[in-house]
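This report refers to the structure that appears directly beneath it.
Quick note: the coordinates plus some simple rules give every number you see, no bench work behind them. What you are looking at is a predicted structure, and each value in this text was computed from that prediction instead of being measured. All Cβ positions, even for glycine, are placed from backbone atoms using ideal geometry, and neighbour counts span all protein chains on display.
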Amino acid sequence: MRHHRIVKKFGRSTSHRKALMSSLVTNLILQSSIKTTLPKAKQARRDAEKIVTLARKGTLAARRLAASRLQSPVALQELFDRVVPSMDGRKGGYTRILKLGQRRSDGSEMCLLQWVVLPAKVEAVSEPAPAPAAEEEKKPEEKKAKAKAKKA
């Protein structure tokens with residue numbers, strides 16, 4: 001007997017629902033933690049776990065498939081460069097849901113969806129300043145001394 005997964009519709013059309021889940025997963029990758037309602041977090045967790053499992057393959061096909069499901073090239077880069085390496089050695093269970101209580105306005109159960117292992121931030125490699133900019137920063141005395149050295 002086959003079990004069918006029940007899909008929460010969230011009162012939205014199919015395209016709106018897909019965009020919502022894609023946005024939640026994209027922001028989870030970029031921010032490492034998102035605050036949302038419990039039903040949305042549970043669905044976003046399923047999608048996030050699947051996309052990490054897909055990204056762990058590391059193939060070009062996996063990267064393209066992940067790119068089609070995420071809304072940002074930056075998120076795709078973060079997924080492959082930060083999230084996947086930090087999940088190395090885990091067979092699943094990449095996310096956790098922490099309940100925060102009810103929202104005051106409508107009583108919705110709120111929660112925090114985050115990675116179990118928080119990915120380390122990759123520091124951007126800064127390139128050295130170009131030579132003309134470095135020349136402008138030098139004091140006039142240094143420029144004169146350099147000019148004299150060239151003449152000699």
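When the alpha carbon gyration tensor of segment 25-106 is reduced to an equivalent ellipsoid, the three semi-axes, largest first, read 25, 14, 10 Å. Summarising the label geometry, the points placed 7 Å from Cα in the beta-carbon direction at ARG90 and GLN77 lie 2.3 nm from one another. At an R0 of 30 angstrom, the distance between the Cβ atoms of THR59 and ARG5 translates into a FRET efficiency of 0.70.
Footprinting exposure proxy ranking of THR36, THR59, THR53, fewest other C-beta atoms within 10 angstrom first, gives THR59, THR53, THR36.
Taking the number of Cβ atoms within 10 Å of each Cβ as an exposure proxy, the fewest-first ranking of PHE10, PHE80 is PHE10, PHE80. Centre-to-centre, using Cα atoms only, segment 98-117 and segment 61-81 are separated by 26 Å.
Counting other beta carbons within 10 Å of each Cβ, put HIS3, HIS16 in order, fewest first. Could the numbers behind the result be given before it?
Working: HIS3 5, HIS16 12.
With the sparsest Cβ surroundings first, the list reads HIS3, HIS16.
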